[in-house]
Amino acid sequence: DAKTTQPNSMESNEEEPVHLPCNHSTISGTDYIHWYRQLPSQGPEYVIHGLTSNVNNRMASLAIAEDRKSSTLILHRATLRDAAVYYCILRDATSTASKLTFGTGTRLQVML
Amino acid sequence: NAGVTQTPKFRVLKTGQSMTLLCAQDMNHEYMYWYRQDPGMGLRLIHYSVGEGTTAKGEVPDGYNVSRLKKQNFLLGLESAAPSQTSVYFCASSLGTEAFFGQGTRLTVV
């Protein structure tokens, strides 16, 4: 499976935008870029995913580099409830059962 | 709509005891998964299933067995628990794009 590299931790101020980077230089043409987050003491929850084009939903935006070797998850206005571990995951569209391989993610701290 | 429900939420086992963790989903998903998460680490896939009656090994299957007799249920069994199996266990289900996770089962083996 192609791997992703994320910073271990990041800090943000409340009400400000947050840009969470992810490098995936060995991404293949059939890999989708998925983001999940895990709030304290909870299971992971889906945030967003994309293939080539930038994507927006009610939770976040996903900006994908033109060469697809990196991507950025954008939280437009961070709140205290966004403090979580954010995982960038490559999912091979051709793989059996759409398995997800988690790394250690980025721990986001949101400061008042 | 409950989503993915895991039973129990907490359990303490003695070394050598057996137990079964139950995962139930009400979204008619084909795919189901069992993960474990150790402190400071990401989730690791134990076993998964692509449909009723099918199971397959994931990244860390040793010491665990699974069964998927009904589409909505995925059972994870520990036949002889070991301290190394102390972990938080998460179940998930999916149709192929977005995965939905349960709240986890915190298992301690003493």
Take A:His49, A:His34 and sort them by solvent-accessible surface of the protein heavy atoms, 1.4 Å probe, largest at the top. A:His49, A:His34
For the protein assembly as shown, what is the charge dipole size about the Cα centre, in debye to the nearest 20, if Lys and Arg each add +1 at the Cβ and Asp and Glu each add -1 at the Cβ? 560 debye
Counting only residues 5 or more places away or on other chains, whose amide H sits under 5 Å from the amide H of B:His47 once H atoms are built in the peptide plane? B:Trp34, B:Gly58
Would you calculate the convex hull of the Cα atoms in chain A and tell me its volume per residue in Å³? 94 Å³
What distance in nm separates the two pseudo spin-label positions at B:Thr108 and A:Thr52, each 7 Å out from Cα along the beta-carbon direction? 5.3 nm
Built amide H within the under 5 Å cut-off of B:Glu30, gap 5+: B:Ser94
Sites B:Ser80 and B:Thr5, calculated FRET efficiency, Cβ-Cβ separation with R0 22 Å, nearest 0.05: 0.25
Give me the one-decimal nm value for the distance between modelled label points at A:Ile74 and B:Arg44, 7 Å along each residue's Cα-to-Cβ direction. 3.7 nm
Would you be so kind as to identify which of B:Thr55, B:Gly42, B:Thr5 lies farthest towards the positive end of the dipole of the range B:1-56, taking Lys and Arg as +1 and Asp and Glu as -1 on Cβ and the Cα centre as origin? B:Gly42
Ignoring ligands, DNA and RNA, how much accessible area is buried between chains A and B, both sides summed, with a 1.4 Å probe, to the nearest 100 Å²? 1500 Å²
Please get the size of the charge dipole for the range A:26-74, origin at its Cα centre, with Cβ charges of +1 on Lys and Arg and -1 on Asp and Glu, quoted in debye to the nearest 20. 100 debye
Calculated from backbone phi, Karplus (6.51, -1.76, 1.60) coupling profile of the range B:23-40 in Hz, x at Gly/Pro: 10, 10, 10, 10, 10, 6, 7, 7, 8, 9, 9, 10, 10, 10, 9, 9, x, x
Provide the solvent-accessible area of A:Met59, counting protein heavy atoms only and rolling a 1.4 Å probe, rounded to the nearest 10 Å². 50 Å²
Counting Lys and Arg as +1 and Asp and Glu as -1, what is the net charge of the other residues whose Cβ lies under 14 Å from the Cβ of B:Ser93? -1
Expressed as a whole-number percentage, the relative contact order of chain A with C-alpha contacts under 8 angstrom and at least six residues apart is 36 percent
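Which whole-number percentage describes the relative contact order of chain B, with Cα contacts under 8 Å and a sequence gap of 6 or more?
Once divided by the residue count of chain B, the mean separation gives 36 percent.
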Given H placed on each backbone N at 1.01 Å, which residues far from A:Val47 in sequence or on other chains put an amide H within less than 5 Å of it? A:Trp35, A:Tyr36, A:Arg37
Hey, what's chain B come to in accessible area per residue, 1.4 Å probe, Å²? 48 Å²
Go through the range A:15-30 residue by residue and turn each phi into a ³J(HN,Hα) via Karplus (6.51, -1.76, 1.60, θ = phi - 60°); whole Hz please, and just put x for glycine and proline. 6, 9, x, 10, 10, 9, x, 8, 9, 8, 5, 9, 4, 9, x, 9
Here the net charge surrounding B:Leu107, from other residues whose Cβ is less than 15 Å away from its Cβ (Lys, Arg +1; Asp, Glu -1), is +4
From the P(r) of the range B:16-102, could you give the percentage of C-alpha pairs in the tail past 16 Å? 49 percent
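Quick one: plug the Kirkwood hydrodynamic radius of the protein assembly as shown (C-alpha pairs) into Stokes-Einstein at 4 °C, 1.567 mPa s, and report D in µm²/s.
Using the Kirkwood radius from Cα pairs, D works out to 72 µm²/s.
The values are calculated or read from the model by the stated rules, or taken from the named source; none is laboratory data. Just so you know, these numbers come straight off a predicted model, no measurement behind them. As a convention, Cβ positions derive from the backbone with ideal geometry for all residues, glycine included, and neighbour counts pool all protein chains shown. For the accessible areas, the whole protein counts, side chains as well, though only heavy atoms, and no ligand, DNA or RNA atoms are used. Shrake-Rupley method; radii C 1.70, N 1.55, O 1.52, S 1.80 Å.
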